[in-house]
Amino acid sequence: QVQLVESGGGLVQAGGSLRLSCAASGRTFNNYPMGWFRQAPGKEREFVAAISRSGNSADYADSVKGRFTISRDNAKNTMYLQMNSLKPEDTAVYYCAARAGRFSSMLNSEYDYWGQGTQVTVSS
C-alpha cells in the first residue's frame, strides 16, 4: 500500500504560479511511476503529467506543456508539480497517483493509488 497526500493548492490570479506537493508513505517510493491528474466540475478526470521512477523521464498533456513541470525527490518521498502562467481553465481538483508498474502512464485507470486531491482555483 502507498498513501498519498497532496498539498499546495489554493487561489491564484491568472498568470500566477503554484507548486503542488505529493507526499508518499508506505512502500518504497522510487518503485512507483507517478502522475498528476485533475478534475474540473462537470468534467472527467484528465491527465496532467507523469514521471518515471527515477525522475529522468516525464510526459505532459498538451494543455500544460511549457507551463507545468513535474519532478520528484525520491530521498524525500515527494513528488511536485510546478505550475506557472496559470489560466482560469486550469481550475480543478488536482490528484496525485502512483502506479504499481514499471512505466508511467497517461491513463488514470492504470494507476493504483490516489491522494485525496487539492483544489486549485485560478481567477481571471
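The values are calculated or read from the model by the stated rules, or taken from the named source; none is laboratory data. Source: prediction; values computed, not measured. Surface areas here come from the heavy atoms of the whole protein model, side chains and all, with no ligands, DNA or RNA. Shrake-Rupley method; radii C 1.70, N 1.55, O 1.52, S 1.80 Å.
Among ARG99, ARG67, ARG38, which one moves the most in a GNM of the chain with springs linking Cα atoms closer than 10 Å?
In the Gaussian network model the winner is ARG67.
Counting just the Cα atoms, what span does the chain cover along each of its three principal axes? Round to the nearest Å and put the largest first.
Result, largest extent first: 40, 28, 23 Å.
List the residues, sorted by chain then number, that are 5 or more residues from SER105 or on another chain and whose placed amide H is less than 5 Å from its amide H.
Amide H neighbours of SER105, under 5 Å, 5+ apart: none.
Can you list residues from other chains, or at least 5 along the same chain, whose modelled amide H is less than 5 Å from the amide H of GLY16?
Here the answer is LEU86, since their amide H atoms fall under 5 Å of that of GLY16.
Per the 1.4 Å probe, what fraction of the accessible area of the chain, in percent, lies on carbon and sulfur atoms? Before the final figure, lay out the partial values.
Values: 2780 of 6330 Å².
Within the chain, the accessible surface is 44 percent carbon and sulfur.
Can you list the HN-Hα couplings for segment 25-41, worked out from phi with the Karplus curve (6.51, -1.76, 1.60; θ = phi - 60°), rounded to whole Hz and with x for Gly and Pro?
9, x, 6, 4, 4, 6, 7, 10, x, 10, x, 10, 10, 9, 9, 8, x
Tell me, in nm to one decimal, what length is gained between GLU44 and SER17 on full extension, where the rule is 0.36 nm per residue of separation less the Cα-Cα distance?
On the way: separation 27, 0.36 × 27 = 9.72 nm, distance 2.39 nm.
My answer for the length gained is 7.3 nm.
How high is the relative contact order of the chain? Use alpha-carbon pairs under 8 Å, at least six apart in sequence, and give a whole percent. Kindly include the intermediate steps, with their values, before the conclusion.
Numbers: 317 pairs, mean separation 45.2, N = 124.
It rounds to 36 percent for the chain.
Compute a Gaussian network model of the chain, connecting alpha carbons closer than 10 Å, and tell me which residue from ASN30, ASN77, ASN56 fluctuates the most.
Judging by the Gaussian network model, the answer is ASN56.
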